[in-house]
Amino acid sequence: MFNLFKKNPETISRTTPGFEEAERRTPTVGIILLILMFIAGIYFGLFAMSDIANIPDRPASLSSCSYKYQTDTTGRTIYDAKYPTYYEEDVINSLAYENSKNCAVQLSPLEDTAGVSALFTKRIAIEAKIDPIASEYVDLQQQVNKIQSQIQRATGEYGVGLQEKEAGITEPVFPTAPSQQSIVELRKQEAPMLARMSVLKGQVDALKPSLDAVDAELVTAYKPVFKAFERAMRWYEFKVFLLQFLLLIPFFFLALRKYLELHRKNSPYTVILTTIVAVLGLLLLKTILFWFWGLFLEEILRVLVVWFGKYNIFRSLLFYFGMFFSFAIFGGAVYFLQKKIFDPRRVTIRRFRSKECPQCQTNLDLSAEYCPNCGAHIRTTCAHCSKDRYIGLPFCPHCGDKSEV
Ligand SMILES: [Zn+2]
Ligand SMILES: [Zn+2]
């Protein structure tokens, strides 16, 4: 009958051993030193990698005005898409501060060959005509704003004065007559300014089309410039990547080979090589990822973000799968560690070393054939040389035969 209180007998086998690894080969000081070595390695490695970026010639950057003439896929300039102007005042305001002179003096060779310089000269000539007009307009605008706020205040006082008059207050705080007087006077000041402003605006409006025409020419002239610049940048990035890659890859493989060699020998120095391989591997990974990032990952990610932003359910799913992804990464790491520590062969070696039964840890004479406690088979006859060999260890101690027993 099923018995609730019956204890399950503890099963200990080579495949499911549950004992801690007592032995630690690397002391704490050693581990701290290795961590320091890792940090120093990464630090100097990153420095070296970023310094290599100075070796190939970086394409000369485009002039500071060029961004205004870069178009997106729709043909509209990126600048206009980013800073749309809704008010006429904004247009004149920005015209007052336009200065292509600064751009024209620092053109890159790419811009020179595209004939941008001549177009800037044309633009500077038009700007020279617009600038004083626009500046005067902006100055007048500021004065008018000041007057208008004064008119607003006087109007408020006039309103209060009227109420006081209606209420029959003999000594009003705001007598209506002076308020009225100042409003009339302010309006008189304002009128010629507004008239002048509309004249100025007419002059700007007359000049603006020629400026727009030059800008349209500039957009066309800049198209191949941006394309060539982009290509030059990609080529430069590739050269940097190649240099970094070539500098890292031989040492990475050398370290990896040494690591595998030491690992096979179960050497106590494996841990040093593990750190070195980790440093070089991380630097290599960073180099490759950065290059791929610039090449297309950035674009893919941008598209994905836009796409996920459109459909909320995808975003939720993304986070949801992110959770499982982190389970897989961290759980996987712990699983890997546990598997390494409790690898049956390692457990067997550990227990043989302390003269214990590989199954139940009873103290054992290694010449015994069976464990006196659990009856586990310790030694068997080698199929190759017919001498005794241990079960659970890969090689026969007499003939070196390698076959699972
Ligand atoms: Zn045993
Ligand atoms: Zn043998």
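What relative contact order, as a whole-number percentage, does the chain give when Cα pairs under 8 Å and 6 or more residues apart are counted?
17
Model label sites at Tyr67 and Arg345, defined 7 Å from Cα along the beta-carbon direction, differ in position by 6.0 nm. Region 280-319 and region 44-86 have Cα centres lying 20 Å from one another. Shown is the FRET efficiency for Leu304 and Thr74, computed with R0 = 22 Å from the Cβ-Cβ distance and rounded to the nearest 0.05: 0.55. On a 0 to 90 degree scale, rounded to 10, what angle separates helix 332-341 from the longest Cα axis of the chain? It is inclined by approximately 20 degrees.
Rounded to whole numbers, the Karplus 3J(HN,Hα) couplings from phi for region 277-286 are 4, 4, 4, 5, x, 5, 4, 5, 4, 5 Hz, using 6.51 cos²θ - 1.76 cosθ + 1.60 with θ = phi - 60°, and x at Gly and Pro.
For the pair region 173-250 / region 330-358, the C-alpha centres are spaced 70 Å from each other.
Dipole of the chain computed with +1 at Lys/Arg Cβ and -1 at Asp/Glu Cβ about the Cα centre; of Ala53, Leu218, Ser117, farthest Cα towards the positive end is Ala53. Spin-label model, Val184/Leu318: points 7 Å from Cα along the beta carbon direction are separated by 6.8 nm. For the chain, what ratio Rg/Rh do Cα atoms give with a Kirkwood hydrodynamic radius? Ratio of gyration radius to Kirkwood radius: 1.30. In the chain, the DSSP-assigned H stretches of four residues or longer account for a calculated mean residue ellipticity at 222 nm of -22500 deg cm²/dmol, using -39500 (n - 2.57) per stretch and the full residue count as denominator. The peptide list 291-300, 321-330, put in order of mean Cβ contacts within 10 Å with the highest first, becomes 291-300, 321-330. Full extension of the chain between Leu366 and Tyr311 yields a length gain of 13.1 nm, computed as 0.36 nm times the residue separation minus the alpha carbon distance. Near Val173, once Lys and Arg are set to +1 and Asp and Glu to -1 for all other residues with Cβ below 10 Å from its Cβ, the sum equals -3. The HN-Hα couplings worked out from phi for region 104-110 by the Karplus form 6.51 cos²θ - 1.76 cosθ + 1.60 (θ = phi - 60°) are 5, 7, 10, 7, 7, x, 4 Hz, whole numbers, x standing for Gly and Pro.
Each other residue within a Cβ distance under 13 Å of Cys399 adds +1 if Lys or Arg and -1 if Asp or Glu, for a net charge of +1. Taking amide H as placed 1.01 Å from N in the peptide plane, Tyr370 has its amide H under 5 Å from the amide H of Ile378, each at least 5 places away in sequence or on another chain. Here region 46-65 is scanned for amide nitrogen atoms under 13 Å from the site 7 Å beyond the Cα of Tyr236 along Cα-to-Cβ, giving 53-63. Between amide H atoms placed 1.01 Å from N, distances below 5 Å from Thr71 occur with Ile78, all of them 5 or more places distant or on a separate chain. Helix 312-326 and the longest principal axis of the Cα set of the chain meet at an angle near 30°. Applying the Karplus relation 6.51 cos²θ - 1.76 cosθ + 1.60 with θ = phi - 60° to region 225-242 yields 3J(HN,Hα) values of 5, 5, 4, 5, 5, 4, 5, 4, 5, 4, 5, 4, 4, 5, 4, 4, 4, 4 Hz, where x marks Gly and Pro. A simple packing score, the average count of other Cβ atoms within 10 Å per residue, orders the peptides 373-386, 211-224, 167-180 as 211-224, 373-386, 167-180, with the highest score first.
Calculate the FRET efficiency for Val29 and Asn145 from the Cβ-Cβ distance with a Förster distance of 56 Å, rounded to the nearest 0.05.
The calculated FRET efficiency here is 0.15.
Read the figures in this text as sums done on the coordinates, not as results from a lab. Predicted, not measured: the structure shown is a model, and the values here were computed from it. We place every Cβ from the backbone using ideal geometry, glycine too, and count neighbours over all the protein chains shown.
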